[in-house]
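What follows is a set of notes on a single structure, which appears directly below.
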Amino acid sequence: MTHKPKILITRKIPAECLSYLEEHCDCTQWEGEGSLPREQLLEQIKDYDGLLLSGTSVDSELLERAPRLKAVSSISVGYNHFNIEDMKAREVIGTHTPYVLDDTVADLVLALMLASARRVAELDSFVKQGKWKRGAVREEHLFGMDVHHATLGIIGMGRIGEAIAKRAVHGFDMNLLYYNRSRKPEIEERFGAQYCTLEKLLQESDFVVLMTPLTPETVQFIRKEHFEMMKPSAFFINASRGQTVDEQALIDALSNGTIRGAGLDVFEKEPISPDNPLLQLDNAVTVPHIGSATVKTRNDMAMVASRNLVGALTGGQAYVVPELQYLLK
Ligand code: DGY
């Protein structure tokens, strides 16, 4: 009889995912709050063939203590927490969850565009604080900016970018500019999008949406000089990773009127520190990295991640991250 692979699940996953995994693996699930603390993960990992996690760094510190480890499955599409070179050196397969969250993240990006331009969070506080009194505040102080028919610039035209483009163009009649490593003629045809330089996109967009994955090349991709190229009336939306932006430059741009506002799902350090000056700014709408966080999508992601882990451990199907696909035999 062959033994089932032993896997460690570092956070609670839906019951149907656990049942599925138990059919194929000998499972240990962390039952505490949040994620298994790193110290305990480092102590326990030596006994496992597979690891299911989200966000925990997979680096040489962990891999050196994991002689049996063959596969790590992340419940996320982003995999910047995988140290690809360390994983290559140890021949550890890494998997992620593309496709399943595209529409959900795109919905949140539209929500951030609408919320920042129409000042939803700020005006919600205004009403709840009892400040809405006839004549007490001149109404134009509450006015926002239109989203419909405005120009949207998407930096990073992957699947999520495409889902944003569909909503923006078909739902809000927006004009679309995009900047991407490669040109995408099908996007231009479907959405009337214009491929352009980063400079042109920044200069002409009313909404700049950053969707580029975090890689060594995209760390602090958007900096002071980029905010300075944007219109003073423009909104900056980030739903990629916080480290793709120079956060201090963003804070300065929002504070001194270089740009009008921002909608942010991601931050340089997460959770963001309560004393981060971003949290004092009325023109920054902030949410706690919840782009993919609807009940259905998070459940679906956990199931894709569970199937990925079984696939990677048994030579079946799995969404292996591109850089490590050669390891799947
Ligand atoms: C992802 O899947 O990478 C999203 O950022 C949610 O974590």
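The values are calculated or read from the model by the stated rules, or taken from the named source; none is laboratory data. Keep in mind that what you see is a predicted model, and the values were worked out from it rather than measured. Using ideal geometry, Cβ is built from the backbone for each residue, glycine included, and neighbour counts are taken over all protein chains shown. Side chains are part of the model used for accessible areas, which takes the heavy atoms of the whole protein and leaves out ligands, DNA and RNA. Shrake-Rupley method; radii C 1.70, N 1.55, O 1.52, S 1.80 Å.
So how much slack lies between E189 and D26, counting 0.36 nm per residue of separation and subtracting their Cα-Cα distance, in nm?
Working: separation 163, 0.36 × 163 = 58.68 nm, distance 4.93 nm.
So the chain would gain 53.8 nm between E189 and D26.
Taking 0.36 nm per residue of separation and subtracting the current Cα-Cα distance, fully stretching the chain between R65 and V219 would add 52.6 nm.
Calculated mean residue ellipticity at 222 nm for the chain: -9500 deg cm²/dmol, from DSSP H runs with n ≥ 4 weighted as -39500 (n - 2.57), summed, divided by the residue count and rounded to 500.
Give me the percent of accessible area attributable to carbon and sulfur for the stretch 102-286, probe 1.4 angstrom. Provide the component values of the computation, followed by the final result.
Numbers: 4710 of 9280 Å².
The nonpolar share, carbon plus sulfur, comes to 51 percent.
Among 171-183, 5-17, sorting by the average number of other beta carbon atoms lying within 10 angstrom of each residue, highest first, gives 5-17, 171-183. Solvent-accessible surface of the chain, taken per residue with a 1.4 Å probe and all protein chains present: 50 Å².
Between the alpha-carbon centres of the stretch 113-144 and the stretch 148-223 there is a gap of 29 Å. Label sites at H148 and V120, each approximated as a point 7 angstrom past Cα along Cα to Cβ, lie 1.6 nm apart. Rounded to the nearest 20 debye, the dipole size of the stretch 88-146 about its Cα centre is 420 debye, using +1 on the Cβ of Lys and Arg and -1 on the Cβ of Asp and Glu.
Considering only Cα atoms, the convex hull volume of the stretch 102-286 works out to 121 Å³ per residue.
Classification of the stretch 55-193 by its C-alpha gyration tensor yields an oblate form. The axis ratio a/c (a ≥ b ≥ c) is 1.5 or more, and b/c is at least a/b.
The calculated FRET efficiency for the pair E228 and Q280, based on their C-beta separation and a Förster distance of 30 Å, comes to about 0.85. Loop-located chymotrypsin sites (Phe, Trp or Tyr not before Pro) in the stretch 34-122 (DSSP state not H, G, I, E or B) with no more than 16 neighbouring Cβ atoms inside 10 Å: Y99.
Of the peptides 225-236, 56-67, 154-165, 23-34, how do they stack up when ordered by the mean number of other Cβ atoms within 10 Å, highest first? Spell out each step's value before the answer.
On the way: 225-236: 18.8, 56-67: 16.4, 154-165: 23.6, 23-34: 14.5.
Final packing ranking: 154-165, 225-236, 56-67, 23-34.
For a test of the definition: using alpha carbon positions, the gyration tensor, and the 1.5 limit on a/c, classify the stretch 33-92 as rounded, prolate or oblate.
Taking the square roots of the gyration eigenvalues as a ≥ b ≥ c, the stretch 33-92 is oblate.
In this label model, H3 and T294 are separated by 4.3 nm, measuring between points 7 Å along each Cα→Cβ vector. Using heavy atoms of the protein chains and a probe of 1.4 Å, the accessible area assigned to H141 is about 100 Å². Shape verdict for the chain, please, from the Cα gyration tensor: rounded (a/c under 1.5), prolate (a/b greater than b/c) or oblate. Prolate shape, in that a/c is at least 1.5 and a/b is the bigger ratio.
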